[in-house]
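One structure is given here, and the rest of the page talks about it.
The values are calculated or read from the model by the stated rules, or taken from the named source; none is laboratory data. Everything numeric here is computed off the predicted structure, so don't read it as measured data. Here the Cβ positions follow ideal geometry from the backbone for every residue, glycine too, while neighbour counts run over all protein chains shown. These accessible areas exclude ligands, DNA and RNA; they are computed on the full protein's heavy atoms, side chains included. Shrake-Rupley method; radii C 1.70, N 1.55, O 1.52, S 1.80 Å.
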Amino acid sequence: MQIVYDGDCPFCSRYVAMVRLREAAGPVELIDARSDHPAARRVTQAGFDLDEGMALIDGDTIHFGDEVVHRLALMSTGSGAFNKLNARIFRSPRVARMLYPVMKAGRNATLTLMGRRKIGG
């Protein structure tokens, strides 16, 4: 399993670092979307815009955006305050779909304020 996220975004970096996945999820590789990693290229070649969200590669399937935070919430351990809150909020696909645009807007605003370019720009 691989998670492709924006390594320049402080929120994205902290989020993927803080999510603790159950052992049943298996090993997870964290990949900076700004790198030339084959997984990052695979996501963009599949038609996903990594400026619009993070991706979760699970075998032959690529999950994107709100679906990623939903899936990670279902796979998280529930240990620690962050994971408990994350699981409670994002276990609902509907809530994940509603909140993800807000998270994305916060990311974009933060990158602008920090003077960082978008992944594709």
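Any residue at all in the stretch 72-94 that is under 12 Å from the mean Cα position of the chain (by Cα) and modelled with pLDDT under 90? Yes, there is a match, as at least one residue in the stretch 72-94 is under 12 Å from the mean Cα position of the chain (by Cα) and modelled with pLDDT under 90.
Looking across R94, R107, R14, one residue alone is buried (at least 18 other Cβ atoms within 10 Å of the Cβ), in a helix (DSSP H, G or I) and of a type in the set (D, E, K, R). It is R107. Go through the residues of the stretch 30-41 one by one and say whether even a single one is open to solvent by 40 Å² or more (accessible area, probe 1.4 Å), more than 16 Å from C9 (Cβ to Cβ) and in a helix (DSSP H, G or I). Yes, the conditions are met somewhere in the stretch 30-41. A count restricted to the stretch 76-91 and to residues that are surrounded by fewer than 19 Cβ atoms within 10 Å (Cβ to Cβ) and part of a helix (DSSP H, G or I) stands at 8.
The set of residues in the stretch 54-73 being within 23 Å of V102 (Cβ to Cβ), assigned to a loop (DSSP other than H, G, I, E, B) and open to solvent by 10 Å² or more (accessible area, probe 1.4 Å) consists of M54 alone. Cβ separations smaller than 8 Å between residues 6+ apart or across chains give the following pairs from the stretch 78-98 residues that are under 13 Å from Y15 (Cα atoms) to residues that are open to solvent by 100 Å² or more (accessible area, probe 1.4 Å) and outside any helix (DSSP H, G or I): N83/R20.
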